[in-house]
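For reference, the structure is listed below as structure tokens.
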Amino acid sequence: MSQIPPPSPVAINEHSGWSARLGHAGTFDRGEGGATPFFHSVAPTPISLARPITARSGPSVGKVSTVGEPPARIGCPPSLAPDPTSAVLTTFKRPCLRPRESQRTGLSSAPCGNFEFARRLPMKNMILIFMGSVALAPQGTQAQDMEARARAATAASRTKSSDSDAITSNYVNPGLSGEAISTVDNSRTFTTSLACQKSATMLELLVQPGTTGDITHLSIARDSDLDGSFDQNLTLPVPVSGICANGIVSCDPGSWNNCTPFQWDVASSGNLKLTQVPLTDLSACYCVNASCGSNLVLGNLNSVLKDLGGGIIGALTTADPRIGVAQASIEGPVIRYVGAQTTACTASPSLSSTSYRADPTAISGDASASAQASSVFQALAGSASATGKAEVTRSCSIDREISVKSWDYDDILGVAGTVTSTACGTGCRRYQIRGSGTCGSVPPIHTATFDPIAPARIVSARIVEMGADDWVQARVNGQIVGYAGKRPWTGEALPSGDCRISGDPYYNRTAIDITPQLRAGAMTVGARVRAGGDGNWGYVTVEVQVDTACEVSERLVDLCAGYAQDAACRLDSESVDGVTTFANGVNTGLKPLAQTRLIGTGHCTFQYSRDFFERDRRYKCLIDSGELSAPDLSRSAYIIDHSTETLLADRTLSSDGTISTSTRAFSLPDRGTVPACEPICKTRAPRANSDVAISGVVGASQNDPAGWNSFYHSCTADNVCPLGEGEELVTACGCLDDFPEAAVMMQTVRLAGSDLACTAGTP
């Protein structure tokens, strides 16, 4: 036992659930229930005493207490003093053992964390409690406790973010809707402003299938301005027979006949709409009406709602990238989405980056100009971290864009006024400007206005006929170009001769070319009629021929030209229409076959064969902005070369330039065993092949359209496979490795697609 005088005793709070114990390594905290101890370096030194020592216990929660004294506040023990020697067990939650100045009559107030001494204790009534040293818990216990805490933290984290649904419900939805978000351990909550302009229900879809299996009623309510109320309501005018990732397919109810594909689109006004497109523009289509099975919509209601809503959301976010959307809830046949405008909190809510869709090549120049004007970028570029040589990877693409536009006559020319029209062939119309006249001094002028919408597609415009009883005068933009009558009428003055004379009508069928006037802009054609009596009429006929042929445009958008011309860049990898031609800087020797694609819709549908449609490339470019000395790796090399599993070698450089080596024992604590893998299981659920291709429903061409959907699930802690609805177990929980099977299937599909060829001939 040590004979060093201990500190003066301090009474113990009887009602505290925490206590301090003395051990050979110092004091440590022990929480209720045997929580992990926390060690401290200073502790009262136990000694034997000359006067009697008593210990007293009672029914209270506290471990020990002094006799004859009320409980004192918890705090640091006082410093050593020449008072009679004593030892005490102090109860505290966060001990802070610091010596303080004391007086013979008691203790001065001393802060210690959240506690302090505030009581003067007479020494004569204090009863000493002597405690021997307590052996510390082994380090293995601490490791086990730490491992348990780590596993608990991991389980809590997985509960919050183990899959996309958990992330959506715990973080995305509340963040966009302004609701509280809790921490991983649910100890604290906070709210964030991911968006200042938001709506709890930005989009709402309601589906109702009919007796034929088609979705006969699909209504969409949308809050476009995110003010909390719906401002657009859309009810589809056609039944939904098939659902695609970006649209729908409408057919004759209950069948797959006379099908029309539609794509979700957004009009220039911002309203949601459907646009008729070729089936090749849609993706991941499948059939839902009675021709493919029974009760497909209601039997798969959740997935049907998500697929329809996902297509609409994709169209909205493509048209306006500022919109942030998260799935909120599904309630029966209704799905609702939470929405927000992610840039509403900024001073300028517009996104200039959307302009790069029209001109993708401009992004490189704009990025360079922005970097040159950025003080932060220039500071980093001039820093030591940016000097030297570095290799960066640049990704780019070369895309072939082919667009086909169909033209209608009314898309080229608009006509208004006193006029009637008749067709005269493909892309040809005749317009007759006709009316009655007068024999007075001011004969009336009947006019029509021709507005060229697409002047380049106007082939010809001619006045092909004039007729009257008695006279008619043709005018173009107010200028006299011809006449018909019994005598000439080529000026503003009235023609000579009597009016109201019955007789045969007069015609002029000499064609007059007015094509330049029409191509130049809006043109007026007038018929000035002088007539009376029984034969009171006159007309001018204009024939316009336009080009309604399909318009095809093709261009290559080359975003790799800059890297290809840069001597510091080299081609690292390339994929041409899905075929890898370069890998790790080496030519694979593979050459893709020419691709044939169907482009356009309706009568403007064409097949185009090209050597490629899309090239995806990755370049590695060497950046040299200064000299960078090679790092000294001699010490790390020495440690690796001279260390063993039980011996750690080192090599250090002192300030005087001398090098010294050393070795010391080395061991790693036993961390226990780690599972070889995360146990997973494989399940399957029956499905009918309702996928849709250009030729129709795929299942209709199969002997047995029934198939299976395969699923993989992470097993529970007790090694149980969480089966979904309608699923059956295929492979029990374990370390599954189905990658070879997946690789073979993907390679089979790729090679099969490469050898496909479309021909127009009859097999």
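The values are calculated or read from the model by the stated rules, or taken from the named source; none is laboratory data. Since this is a predicted model, take the numbers as computed values, not measurements. We place every Cβ from the backbone using ideal geometry, glycine too, and count neighbours over all the protein chains shown.
ASP558 - would you say it is out of contact with any Pro (no Cβ under 9 Å at 6 or more places or on another chain) and in the same structural domain as CYS424 (by TED's automatic domain parsing)?
No, not satisfied.
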Every residue from segment 669-691 that is outside any loop (DSSP other than H, G, I, E, B) and closer than 19 Å to ASN295 by Cβ: ALA685, PRO686, ARG687, ALA688, ASP691
Residue match in segment 477-497 (condition: basic (Lys, Arg), farther than 24 Å from VAL544 by Cα and part of a loop (DSSP other than H, G, I, E, B)): yes
Residue match in segment 271-283 (condition: within 17 Å of ASP223 (Cβ to Cβ) and surrounded by 14 or more Cβ atoms within 10 Å (Cβ to Cβ)): yes
Criterion: touching a residue at least 24 places away in the same chain (Cβ under 8 Å) and under 19 Å from ARG687 (Cβ atoms) - qualifying residue of LEU274, LEU316, LEU298, LEU282: LEU298
Subset tally (residues that are assigned to a loop (DSSP other than H, G, I, E, B) and either out of contact with any Pro (no Cβ under 7 Å at 6 or more places or on another chain) or under 17 Å from ALA319 (Cα atoms) (or both)) for segment 248-281: 13
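Residues are listed down the side, and each one gets a yes or a no for (1) within 32 Å of the chain's Cα centre (by Cα); (2) closer than 21 Å to SER403 by Cα; (3) not assigned by TED's automatic domain parsing to the domain that holds THR449:
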position	(1), (2), (3)
ALA531	no, no, no
THR588	no, no, yes
CYS604	no, yes, yes
ASP611	no, yes, yes
ARG618	yes, no, yes
Condition check for ASP641: part of a helix (DSSP H, G or I) and of a type in the set (Asp, Glu): yes
Whichever residue in segment 493-521 is in contact with a strand residue (DSSP E or B) (Cβ under 9 Å, 6 or more places away or on another chain) and aliphatic (A, V, I, L, M) and, among such residues, is surrounded by the fewest Cβ atoms within 10 Å (Cβ to Cβ): ALA520
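Return yes or no: is LEU296 among the hydrophobic types (A, V, I, L, M, F, W, C) and under 24 Å from the mean Cα position of the chain (by Cα)?
no
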Where a residue in segment 376-404 is at pLDDT 80 or above and its partner, wherever it lies, is loosely packed, with under 14 Cβ neighbours inside 10 Å and among the hydroxyl-bearing types (Ser, Thr, Tyr), with Cβ under 7 Å and at least six apart: SER403/SER553
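Residue by residue, here is whether (1) at pLDDT 85 or above; (2) closer than 14 Å to PRO679 by Cβ holds:
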residue: PRO722; (1), (2): yes, yes
residue: LEU729; (1), (2): yes, yes
residue: CYS735; (1), (2): yes, yes
residue: GLU741; (1), (2): yes, no
residue: ALA752; (1), (2): no, no
Answer from THR581, THR588, THR524 - the residue that is under 30 Å from LEU751 (Cα atoms), among the polar types (S, T, N, Q) and surrounded by fewer than 19 Cβ atoms within 10 Å (Cβ to Cβ): THR588
Any hit, segment 461-484, residues being free of Cβ contacts under 8 Å to residues at least 40 places away in the same chain and buried (at least 20 other Cβ atoms within 10 Å of the Cβ): yes
Total residues in segment 119-152, condition modelled with pLDDT of 80 or more and either part of a loop (DSSP other than H, G, I, E, B) or under 30 Å from VAL338 (Cα atoms) (or both): 0
Residues located in segment 622-637, provided they are small (Gly, Ala, Ser) and either at pLDDT 80 or above or within 32 Å of the chain's Cα centre (by Cα) (or both): SER634, SER636, ALA637
Any hit, segment 298-314, residues being part of a loop (DSSP other than H, G, I, E, B) and surrounded by fewer than 16 Cβ atoms within 10 Å (Cβ to Cβ): no
Residue in segment 676-706 that is farthest from the chain's Cα centre (by Cα), counting only those that are more than 22 Å from SER250 (Cα to Cα) and acidic (Asp, Glu): ASP704
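Determine whether PHE190 is modelled with pLDDT of 85 or more, aromatic (Phe, Trp, Tyr) and loosely packed, with under 12 Cβ neighbours inside 10 Å.
Yes: the conditions hold for PHE190.
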Residue in segment 440-451 that is out of contact with any strand residue (DSSP E or B) (no Cβ under 9 Å at 6 or more places or on another chain), touching a residue at least 60 places away in the same chain (Cβ under 8 Å), closer than 24 Å to GLN545 by Cβ and surrounded by fewer than 16 Cβ atoms within 10 Å (Cβ to Cβ) present: no
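Just to be sure, is ALA245 among the hydrophobic types (A, V, I, L, M, F, W, C), outside the structural domain of ILE694 (by TED's automatic domain parsing) and on the phi > 0 side of the Ramachandran plot?
The answer is no for ALA245.
Test GLY657 against the criterion of being modelled with pLDDT under 85, closer than 30 Å to ALA148 by Cα, part of a loop (DSSP other than H, G, I, E, B) and outside the structural domain of GLY242 (by TED's automatic domain parsing), and give yes or no.
Answer is no for this residue.
Inspect segment 195-203 for any residue being within 30 Å of PRO253 (Cβ to Cβ), surrounded by 15 or more Cβ atoms within 10 Å (Cβ to Cβ), modelled with pLDDT of 85 or more and touching a helix residue (DSSP H, G or I) at 6+ places or on another chain (Cβ under 9 Å) and give the result as yes or no.
yes
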